[in-house]
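I have placed the structure first, in the form of structure tokens, so that the comments after it can refer back to it.
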Amino acid sequence: MRMVAGIALLLLIGMLTGASMLVYAAYVLIAVYWLTLALSRRWADSLKASRKSSAYEVEIGQSIQVSLKLENTDRWPIVWMLLEDAVPRAALLGPPPALQLEGSNLRLCYLPSRQTKLHSYRLTALRRGYFQIGPLIAETGDLFGLHRRFRTVTKAETLLVLPKIVPLAGYEIASQRPVGEVRVTYRLMEDPTLISGIRKYERGDPMRSVHWRATARTGTLQSKQYQPTSVAGATLVLDLHRLSNPDRHEPIRSDLAVMAAASIAHTLMQMQQQFGLVSNGRDAVDRMAEEQMREYESRASAQRASAMRTRSERLQPVTIPLGRGAEHFMYMHKTLARLERTDGLELPEFLFEIQGRLSRHATVLVIVQQVDEPAALALGMLKRQGYSVSAIVNNYDNDAYTDAVGRLMAQRIGVHHLLDEASIAEICVSLVS
């Protein structure tokens, strides 16, 4: 607009003063202005692009190749364009960084008419998380710098980095002992490996339960009686509120809590026990930017509009009901990868909200970093109401850890210490005394 106002003023002065050179210069500038405007629009509209990633779901330490295909659909060449495939800066810078960039996601190039070019870079996953890759932001314009066009030319994609799984060396995988001390109040099924006695055969008993030696000895059909199975499993309760997970410990402690939860769930899957998850954390999916490809006034505005949101108003807990099997574990594994801290429900409010969804036939295994008096009382209330409650304190051996252990033990809740990654292997067998 300033350019147009300047040309109009120059033309007006030339006409009023009769200076033909000024009028001629104003006409030339008008022609240059509209010509460059048309060219910049044409270049921006003729650029097409697509992105292809070698993988969209990886483990920590793995890399992916991101390939961009750039195409000029017009018969006129695009003299210059600056392309940036958006990668979250916070993930690249940390601390500590979650992604490592090899190559460059920024390129300045010339694209001949009806031609295509390829550009690629690599991303290495260093931490678990859910990251938005893209959209591709294109900047082009005329050679005089009079016009700049900014637009997104591809949609965004996502990269899911799964949390690491640590084998729990302290478990006997063949054992039927559940996580924590569980009083079996409801007999879900009988265990054919645990025979408790013999009784007279009744109609409907399966043939595999017939005790043939006792039948031969008595002359009448006899059936085996079995003890109820003690498989109980666990509901993992993961506290990720910002107040109980302070910034000074991040992202180390929250990643450690997620890693422990994934490792415990994986062991329960191998033991064919049930497992579930509830958390007051935020699912990173809620922060995804809206999918749109359009023009923007500047590069900064394009970056802001296309980036993942930094806040989410979601207060609903993340809930995965009890289940078994590899498919159920994979769903939980991906959910754990996306979990983030939130400023929503604190642990006491969260426990009150989810109490109706907790099963009394599975251990309530709470992973928490800091425990204040209200949180300890809320966990103690669960225990007094008949739930089997155990806690994993995810903290260093300092005053906060000592306070948490003292408050939990006062409520007669068994406590396990999650100190570092090496302690995960023994996390479910070594009680704090």
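The values are calculated or read from the model by the stated rules, or taken from the named source; none is laboratory data. This structure is a prediction, so every number in the text was calculated from the model and none was measured. Methodologically, a virtual Cβ is constructed for each residue, glycine included, from the backbone with ideal geometry; neighbour enumeration extends over all protein chains shown.
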The range 58-92: number of residues that are polar (S, T, N, Q) and in a loop (DSSP other than H, G, I, E, B): 2
Residue list for the range 248-278, filter: under 12 Å from Leu418 (Cβ atoms), under 15 Å from the mean Cα position of the chain (by Cα) and not β-branched (Val, Ile, Thr): Ser254, Asp255, Leu256, Ala257, Met259, Ala261
All positions within the range 231-263 that are crowded, with 22+ Cβ neighbours inside 10 Å, of a type in the set (Val, Ile, Thr) and over 20 Å from Arg127 (Cβ atoms): Thr235, Val237
Test for Gly325: is it in contact with a Lys or Arg (Cβ under 7 Å, 6 or more places away or on another chain) and at positive phi: no
Failed item, numbered, when Arg294 is tested on (1) of a type outside the set (Gly, Ala, Ser); (2) modelled with pLDDT of 90 or more; (3) surrounded by fewer than 12 Cβ atoms within 10 Å (Cβ to Cβ): (2)
Qualifying positions in the range 168-193 - at pLDDT 55 or above and among the hydrophobic types (A, V, I, L, M, F, W, C): Leu168, Ala169
Total residues in the range 99-144, condition among the basic types (Lys, Arg) and outside any strand (DSSP E or B): 3
The range 41-66, subset closer than 16 Å to Asp85 by Cα, within 25 Å of the chain's Cα centre (by Cα) and among the hydrophobic types (A, V, I, L, M, F, W, C), residue surrounded by the fewest Cβ atoms within 10 Å (Cβ to Cβ): Ile64
Subset of the range 95-147 that is touching an Asp or Glu at 6+ places or on another chain (Cβ under 8 Å) and among the β-branched types (Val, Ile, Thr) - its residue that is farthest from Met259 (Cα to Cα): Thr116
Candidates Ser279, Ser209, Ser196, Ser230, filtered to the one that is at pLDDT below 90, of a type in the set (Ser, Thr, Tyr) and in contact with a Pro (Cβ under 7 Å, 6 or more places away or on another chain): Ser230
Among residues of the range 108-126, those that are within 13 Å of Leu47 (Cα to Cα) and hydroxyl-bearing (Ser, Thr, Tyr), counted: 3
Residue satisfying all of: in the range 375-388; in contact (Cβ under 8 Å) with a residue 60 or more places away in the chain and not in a helix (DSSP H, G or I); surrounded by the fewest Cβ atoms within 10 Å (Cβ to Cβ) among these: Gly386
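So if I check each of Leu92, Leu111, Leu70, which one is hydrophobic (A, V, I, L, M, F, W, C), under 22 Å from Glu139 (Cβ atoms) and without any contact (Cβ under 8 Å) to a residue 12 or more places away in the chain?
After applying the criteria, what remains is Leu92.
Among the candidates Ile137, Ile78, Ile133, which residue alone is out of contact with any Pro (no Cβ under 9 Å at 6 or more places or on another chain) and either surrounded by fewer than 20 Cβ atoms within 10 Å (Cβ to Cβ) or touching a residue at least 60 places away in the same chain (Cβ under 8 Å) (or both)?
Numbers: Ile78 fails: out of contact with any Pro (no Cβ under 9 Å at 6 or more places or on another chain); Ile133 fails: out of contact with any Pro (no Cβ under 9 Å at 6 or more places or on another chain).
Residue meeting the stated conditions: Ile137.
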